[in-house]
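Since the structure comes first, as structure tokens, the remarks are kept for the end.
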Amino acid sequence: MLFPTGIFALFFAVVFLGHWTLVRVRPSLDRWFLLGANLAFYAFWSVEFCAALIAVGLWTWGVGLISAKGRSRVALWIGVAGTLGWLFYFKYANFFLQEIVARLGFPAPILDVVLPVGISFYCFQAISYMVDVHDGDAEVETNPLNVLVYLTFFPHLAAGPIVRAAHFLPQLRVPPDRYRIPVAMAGILILGGLLKKMVIANELATGIVDPVFRDPTAYGAWDIVLACYGYTIQIFCDFSAYSDMAIGFAALLGFHFPKNFDQPFRAVSLSEFWRRWHISLSTWLRDYLYIRTLGGNRGSEARTRFNLMATMVLGGIWHGANWTFLLWGAIHGAALAVERALGGRARPVGKGAILLRWLITFHVVMLAFVLFRAPDLGTVAALAAGLVDGLPSEAVTWRLAALAALGLAIHFLPPDLRERIEDRLRPLPAPVLGAALGLALLAILLAGPEGVAPFIYFQF
Amino acid sequence: MQQPWLNPPGTEPSRRAPDDFSPATATMPWRGALLALVLVWLILLAGRSEAIVDAAYGLPVLPGTEALIAVAEGWNDALSAIGLPQALKAVREVLATGR
């Protein structure tokens, strides 16, 4: 079930009414209702995987109980290994069989493995819960229902953001305040997300990115250039849209998720980019992989650079078993290490220096995204060859170029723009606010192409 | 509270991280929220009446499907009589300029 669809609008209407009614009349039943809603949301993709989702939730809860406050490190390791094993089976079983077992000369059947939607996100949350409870950074949860609602909560289930237990579980322990719902800000986030997804991301995808990456040899240099820039804008508008909408829908139900994207393309260094891009994953990788597992920057400078590279390469491979993802991570790891060596994390002084650093940062990110999007290295080579083969560029239109420019321009709007819009909406009575949000929603739906493409990060 | 909008004005954020929500975020009671969302849904129902008919045609054949299709068609016919779908179609064509 995708957010920008009629069936989700119907689903959310039922959940909104049921949730707030239960908060008012029978708060003890509300978490059961939310769990049912979460599973119904997930069942639209796969009924079978709902059982697996519950199993992972109960596993997480049980490991948390056994290992809480440093009681059992062995239980924690078994818990984390079991969760990672579950994730690895779905993501890498076939790659392992075909690329390693088969090459060693052993029989290697191709498994019919379907990747469950959102598996990475709920597994990462499960791991963070187990580790945080063991280390005393989060309270152990004795009620399995709360852990299940936390892991399966439908706004973040399919593509994040990754919400930490210490942030979410306290919100479940007390009923949300039915007298204070942040409707205007939630509406701004949802509409902003819809605008990015429906108008910018979908049109860039269908108009230039997908056709060019499918067959680069049929396109001219300017088509390829726009497709490469366009994908960078598309993936931001697609992924940040999902996060914004997830945050907005959660807020309408009285729950808070942290911000996941903070105008990432205005960064003037790679380290700043990663503080602004997919914040919940980059902080997850920093806390659980870079610092806890690899030791962070507590060792020698060489060791720190290795840790940076290892974190980014593993972050790349997490996206899938493909050389292109590995190289995407390696480019970011190498760039971060070079930046650290050159002292590039300090903010540049002077407009010229800022512009130069912004150009370098943006283009490293953009070129790495070309690898990320390409299905294989042959496609990357074909894209590079297409830049000089002299074919006419017939797919570029002013509309597509303007959409790409718009997707970049929104990074340079005032960071507090949403608060400013909210201030304008604040005096409106509820019916007028509803009408304003409804008309804006309709305008966005009219401006975008018909149909809704799945969100890019559903595949991870 | 973890929800910034539930904290008293002036409360320092617990996490030094960017956030769209703050103690100054405007809130309303659930009845007001419900009223606002009902209006959003009504506007959607009016603006997407043709898509609703298409969705109804795609429903599996079950008891009640015929009635749903009839309601969707009736709703769309009523709106067509006042020219709303046609007007929105014209707006969509204008917005599709250059596509």
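With Cα atoms defining each centre, segment A:406-460 and segment A:316-377 are spaced 29 Å apart in the structure. The charge dipole of chain A, taken about the Cα centre with unit charges on the Cβ atoms of Lys, Arg (+1) and Asp, Glu (-1), comes to about 1280 debye, rounded to the nearest 20.
A simple spin-label model places the labels of A:K351 and A:F44 4.8 nm from each other, with each point 7 Å out along Cα-to-Cβ. Listed by number, the DSSP H helices of chain A that run 27 Å or longer by alpha-carbon position along their axis and have mean Kyte hydropathy of at least 0.5 are A:6-25, A:48-67, A:73-96, A:221-252, A:351-373.
Reported to the nearest whole Å, the Cα centre-to-centre distance from segment A:198-272 to segment A:103-153 is 26.
In chain A, helical runs assigned H by DSSP with n ≥ 4 each contribute -39500 (n - 2.57); averaged across all residues and rounded to the nearest 500, the mean residue ellipticity at 222 nm is -20500 deg cm²/dmol.
Averaged over peptide B:78-84, the number of partner chain Cβ atoms lying within 10 Å of each residue's Cβ comes to 0. Each Cα pair under 8 Å and six or more residues apart adds its separation to the average, and for segment B:1-46 the resulting relative contact order is 35 percent. Modelled spin labels at A:L10 and A:A310, positioned 7 Å past Cα toward Cβ, are 5.1 nm from each other.
In units of the rule-of-thumb radius 2.2 N^0.38 Å, segment A:178-335 shows an alpha carbon radius of gyration of 1.22. Residues within the reach of a label modelled at A:H363 (point 7 angstrom out along Cα to beta-carbon, backbone nitrogen below 19 Å), restricted to segment A:213-250, are A:221-233.
For chain A, the share of accessible area belonging to carbon and sulfur comes to 69 percent (1.4 Å probe, ligands and nucleic acids excluded). Short-range pairs are left out: with C-alpha atoms under 8 Å and at least six residues apart, the relative contact order of chain A is 19 percent.
Between A:A435 and A:E450, the modelled labels are 3.1 nm apart [label points 7 Å from Cα along Cα→Cβ]. Across peptide A:437-445, the mean count of Cβ atoms from other chains lying within 10 Å of each residue's own Cβ comes to 5. Contact order, relative form, for segment A:272-401: 18 percent (alpha carbon pairs under 8 Å, 6 or more residues apart, mean separation divided by residue count).
The values are calculated or read from the model by the stated rules, or taken from the named source; none is laboratory data. If you're wondering where the values come from, they're calculated on a predicted model, not measured in any experiment. Positions of Cβ are backbone-derived with ideal geometry, glycine not excepted, and every protein chain shown enters the neighbour counts. Surface areas here come from the heavy atoms of the whole protein model, side chains and all, with no ligands, DNA or RNA. Shrake-Rupley method; radii C 1.70, N 1.55, O 1.52, S 1.80 Å.
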